[in-house]
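The values are calculated or read from the model by the stated rules, or taken from the named source; none is laboratory data. Values in this document were obtained by computation on a predicted structure and should not be read as measured data. All Cβ positions, even for glycine, are placed from backbone atoms using ideal geometry, and neighbour counts span all protein chains on display. Note: areas computed on protein heavy atoms with side chains; ligands, DNA, RNA excluded. Shrake-Rupley method; radii C 1.70, N 1.55, O 1.52, S 1.80 Å.
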Number of protein chains: 2
Amino acid sequence: MRIADRMSRLGTETAFAVSGEASVFAAEGNDVFPFHLGDLDLATPSTVVDGAMKALRDGKTGYAPTAGIPQLREVLAADVSASHGVDYTLDNVVVQPGGKPTIGKFFMTLLNPGEEVLYPNPGYPIYESQIAFNGGIPVPYGYVEGDDDFEIDFESLERALSDKTRLLVLNDLQNPTGAESTVAEHERLADIVRRHDLHVLVDEAYFAMRYSGTSTSFVSQPGMAERSVILYTFSKKFAMTGWRLGASIGPKEIVDLIAKINVNDESCANHFVQYGGVAGLVGDQTEVHGIVDELRRRRDAAVAGLNAIEGVSCFTPNATFYVYPNVTEVMSRTGLNDYEVFRKAALHATGVSFTTRLHFGGALPDETDRHIRFAYSGIGVDRIEEGISLFKEFCES
Amino acid sequence: MRIADRMSRLGTETAFAVSGEASVFAAEGNDVFPFHLGDLDLATPSTVVDGAMKALRDGKTGYAPTAGIPQLREVLAADVSASHGVDYTLDNVVVQPGGKPTIGKFFMTLLNPGEEVLYPNPGYPIYESQIAFNGGIPVPYGYVEGDDDFEIDFESLERALSDKTRLLVLNDLQNPTGAESTVAEHERLADIVRRHDLHVLVDEAYFAMRYSGTSTSFVSQPGMAERSVILYTFSKKFAMTGWRLGASIGPKEIVDLIAKINVNDESCANHFVQYGGVAGLVGDQTEVHGIVDELRRRRDAAVAGLNAIEGVSCFTPNATFYVYPNVTEVMSRTGLNDYEVFRKAALHATGVSFTTRLHFGGALPDETDRHIRFAYSGIGVDRIEEGISLFKEFCES
């Protein structure tokens, strides 16, 4: 069969293979600690469930408007305006089945073949895949370890800029590092964006998934709302990964074009689920805060456990549900210097399943430190402690 | 703002503009008869609702597998195998948020820029749009009026074939004409497909939406299942347009690639909605048959009313929820020879809102007869009779 050439440029999430391996290992009767999962094992708040069920009973089963129901676009615009210090209206919001569709549609709308896009590496692998699939040239920039958090490697970012650079992807708060960009980083990025006349995909999937302080958005920088499309998702904050509800938020001109893509692609997001989203945003936030409280306890358990391992060091991220410990010393000491060898040895010795640097783009040329990612969204505190204690024995033996 | 070049090739459903006009006219206090809507005003069967709600209560709110839950893929494969005389397994099924996503993903997977695709015109406008968006060259083939149904215009189809022809789109049962291809037509098409080494998108959105007899699929032809991807949707049969649930069914090689696109695009279809789909397929079919019974009554009312108008002739389609009357004589007699002039005059004189040939691709070069489309999916029998009686006065005055 003759397959179209573009399909050879399409990547995937290689983390799914880890998930598959863990399932096989568990099916063989082994106890598996699922630190590889970026999914939540927590219940969706009842406000959302009740709102969606009411809409379903009320017959919201026909097509929704392709850009989303006006009520959801309005409350989302108000919510994001308040947290971002920007004046969005419903004209700036287009609803989609999840946050992820924003990635491909952003590139479809703005990227011509041969143009370059800066994207974070380590980072979510779909950026690189969708840039290449849409004919662009993915150019990575890295992160470096600062005093208490990862920081954008501006040296690698500025070196990567060329006269073909057209777009920038910023993931803030960041998967897999848990990094939160400071206002100073936002200012420096905004300066680059202005000087090079770029447009920006601002992936804020974890914006509300934070444990202390307040998230600050890149789009709060002067002129950046006009140049940015925010990837918004209900998946994390409302534990709604399987519901598929999200939005693209940005300049009306781009939002209208994304809505036109929606007409051609999925028609609309599920109608009654959109009412669930409205109810989640305007309703009582007790259960939403409960999700964050539970994840904070998990983060604390994971960070404490990992830092107690000799040769492992791990920041305490303020956000996301990932930690990205430095395991350079452990890998060297154990002689398991290959990421896949190390990962599989740990899985088979302890049942602890995690992803590594390889699943987030693979090491950059000048990268020497080794990192792995532990997700704590799908595993409770007791199991976190049990699993990491086994992992400690493995690392220190 | 610099928009990507490909966006200039993206089309839309111009019927939405008709919907907008009708809404404005209604908001001005006028009584509108919505014959323009391709949406259903009927309730989703309780089997589906209960199945989805149970899954939601059971916590099916996390990610589903990107190709769909195995249960749904299995029952869908069994269901379609039985009605199509083909041996599909779950490996031949990839679930998506609606039937429509199959269109774009089929072209992404199989179409290289510059290759030609034959598509039906009159037809669903998204085919032409997605062919062009993906860099292909859309080449139309037409339909002609037979004795009691529309038939594929094989003369125009064979004339349209070239050495660049790579793919064929078949919509059977057809929107807007309501046409059902005969087995003889399937045989003739299969012969062309073999001779020209084509692959086929078989849009069967209305396969189960029929009033007598049994639908026969093009993929039942020898060798055609291996060359075809079926667009399957829950939208029509189960009155689930706003739920967004459908599938692509075809060779494993293509299905796997579409699943890989899903990883990059929407991740998965809504998890608990998929259980609703399973329940709809395996559960009691009384309400499903009730939907068809109601639509049959509407079809009969619409066809009888339209054929009672002097200068209008209308087939009685066995399927879909559209009729596509020939209004050549009326348009000529009233002097309203322009489609848009005729449509707007009818709307403003009677409140009867419908779409025309223009919304399904625009007339082909050798096309002289004039047609309009009445959808009866969103309007009950009494209102159909009332509206068409006003339309009759308009046409005969």
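Any idea what Rg and Dmax come out to for region A:95-146 if you just take the C-alpha atoms, in Å?
Final numbers for Rg and Dmax: 11.9, 36 Å.
Taking 20 °C and 1.002 mPa s as the conditions, I'd like the Stokes-Einstein D for the protein assembly as shown in µm²/s, using the Kirkwood hydrodynamic radius from alpha carbon pairs. Don't skip to the end; give the middle numbers.
On the way: Rh = 27.7 Å.
The estimated diffusion coefficient comes to 77 µm²/s.
Quick one: if the Förster radius is 60 Å, what FRET efficiency do A:VAL282 and B:ASN112 give, using the C-beta to C-beta distance and rounding to 0.05?
Numbers: r = 48 Å, r/R0 = 0.80.
Rounded to the nearest 0.05, the efficiency is 0.80.
Using a probe radius of 1.4 Å on protein heavy atoms only, what is the accessible area buried between chains B and A, both sides summed, to the nearest 100 Å²?
Values: alone 16350 and 16350 Å², together 27210 Å².
By this definition, chains B and A bury close to 5500 Å².
Measuring from a point 7 Å out along Cα→Cβ, what nm distances, shortest first, does B:PRO365 have to its partners in the other copies?
Inter-copy label distances (nm, one decimal, shortest first): 5.5.
So the label point sits 7 Å from Cα along the Cα-to-Cβ vector; using that for B:ASP58, what distances do you get to the other copies, in nanometres, sorted shortest first?
Copy-to-copy label distances at B:ASP58, shortest first: 2.8 nm.
If you put +1 on each Lys and Arg Cβ and -1 on each Asp and Glu Cβ, how big is the dipole of region B:148-291 around its Cα centre, in Debye rounded to 20? It would help to have the intermediate numbers written out before the result.
Working: 13 positive and 22 negative charges, 93 e Å.
With Lys and Arg at +1 and Asp and Glu at -1, about 440 debye.
Averaged across the residues of B:31-39, what count of C-beta atoms belonging to other chains lies within 10 Å of each residue's C-beta?
On the way: counts 0, 0, 0, 0, 0, 0, 2, 1, 3.
Other-chain Cβ atoms within 10 Å of each residue's Cβ, averaged: 1.
Going toward the positive end of the dipole of the protein assembly as shown, with +1 on Lys and Arg Cβ and -1 on Asp and Glu Cβ, which of B:PHE133, B:GLY38, A:PRO138 do you reach last?
So the residue furthest toward the plus end is B:GLY38.
Using only helices, what value at 222 nm comes out for the protein assembly as shown when you add -39,500 (n - 2.57) per DSSP H run of length 4 or more and divide by the total residues, to the nearest 500 deg cm²/dmol? Please list the in-between numbers first.
On the way: 26 runs with 322 residues, N = 794.
So the helix-based figure for the protein assembly as shown works out to -12500 deg cm²/dmol.
Scattering from the C-alpha atoms of chain A alone, worked out with Debye: what is log10 I(q)/I(0) at q = 0.08 1/Å?
Rounded to two decimals, the profile gives -0.42.
Which parts of region A:1-23, residue by residue, lose 20 Å² or more of accessible area when the rest of the protein chains are there, as against the chain isolated (1.4 Å probe)?
A:MET1, A:ARG2, A:ILE3, A:ALA4, A:ASP5, A:ARG6, A:MET7, A:LEU10, A:THR12, A:PHE16
For region A:62-282, what ratio Rg/Rh do Cα atoms give with a Kirkwood hydrodynamic radius?
Values: Rg = 16.5 Å, Rh = 17.4 Å.
A ratio of 0.95.
Quick check: the distance between the Cα centres of region A:260-307 and region B:329-350, to the nearest angstrom?
The distance from the Cα centre of region A:260-307 to that of region B:329-350 comes to 51 Å.
In the protein assembly as shown, carbon and sulfur make up what percent of the accessible area (probe 1.4 Å)? Display every interim value, and only then the final one.
Working: 13870 of 27210 Å².
Exposed carbon and sulfur together represent 51 percent of the surface.
Loop-only check: which trypsin sites (Lys or Arg not before Pro) in region A:150-205 are DSSP coil with at most 14 other Cβ within 10 angstrom? Present the calculation step by step, with values, prior to reporting the outcome.
Values: sites: A:ARG159, A:LYS164, A:ARG166, A:ARG188, A:ARG194, A:ARG195; in loops: A:LYS164.
Here the trypsin sites (Lys or Arg not before Pro) that fit, given the DSSP loop and packing criteria, are A:LYS164.
Counting partner chain Cβ atoms within 10 Å of every residue's Cβ in A:250-256, what's the average? If you can, show how the numbers build up before the last one.
Values: counts 0, 1, 0, 2, 2, 0, 0.
Across the residues of A:250-256, the mean count of other-chain Cβ atoms within 10 Å is 1.
For A:GLY29, which inter-copy label distances result when the label point lies 7 Å beyond Cα on the Cα-to-Cβ vector, reported in nm to one decimal and in ascending order?
8.1
Kindly point out which whole DSSP H helices in chain A project their C-alpha atoms 30 angstrom or further along the helix axis while averaging a Kyte-Doolittle hydropathy of -0.5 or above.
TM-like helix candidates: A:286-307.
Hey, can you find the accessible area per residue of the protein assembly as shown for me, probe 1.4 Å, expressed in square angstrom? Don't skip to the answer; put the middle values down first.
On the way: 27210 Å² over 794 residues.
Spelled out: the 1.4 Å probe surface of the protein assembly as shown, per residue, equals 34 Å².
Can you count the Lys pairs in region B:62-282 whose Cα atoms are under 22 Å apart, with each pair 8 or more apart or on different chains?
Lysine pairs meeting the criterion: 9.
How crowded by other chains is B:155-164, given as the mean number of beta carbons from other chains within 10 Å of each beta carbon? All intermediate terms of the calculation are to be shown ahead of the outcome.
Working: counts 0, 0, 0, 0, 0, 0, 0, 0, 0, 0.
Per residue, the number of nearby Cβ atoms from other chains is 0 on average.
Taking accessible area as the heavy-atom solvent-accessible surface of the protein chains with a 1.4 Å probe, which residues of region B:73-105 lose no less than 10 Å² upon going from the isolated chain to the full protein assembly?
Correct list: B:PRO97, B:LYS100, B:PRO101.
Using DSSP loop states and a limit of at most 15 other Cβ atoms within 10 Å to flag GluC sites (Glu not before Pro), what is the longest stretch of chain A containing no flagged site?
The longest uninterrupted stretch comes out as A:29-309.
Of the trypsin sites (Lys or Arg not before Pro) in region A:1-66, which ones lie in a loop per DSSP and count no more than 15 other C-beta atoms within 10 Å? Don't jump to the answer; show the numbers that get you there.
Details: sites: A:ARG2, A:ARG6, A:ARG9, A:LYS54, A:ARG57, A:LYS60; in loops: A:ARG2, A:LYS60.
Taking region A:1-66 and a limit of 15 other Cβ atoms within 10 Å, the loop trypsin sites (Lys or Arg not before Pro) found are A:ARG2.
Give the separation of the Cα centroids, region B:185-237 to region B:94-110, in Å.
16
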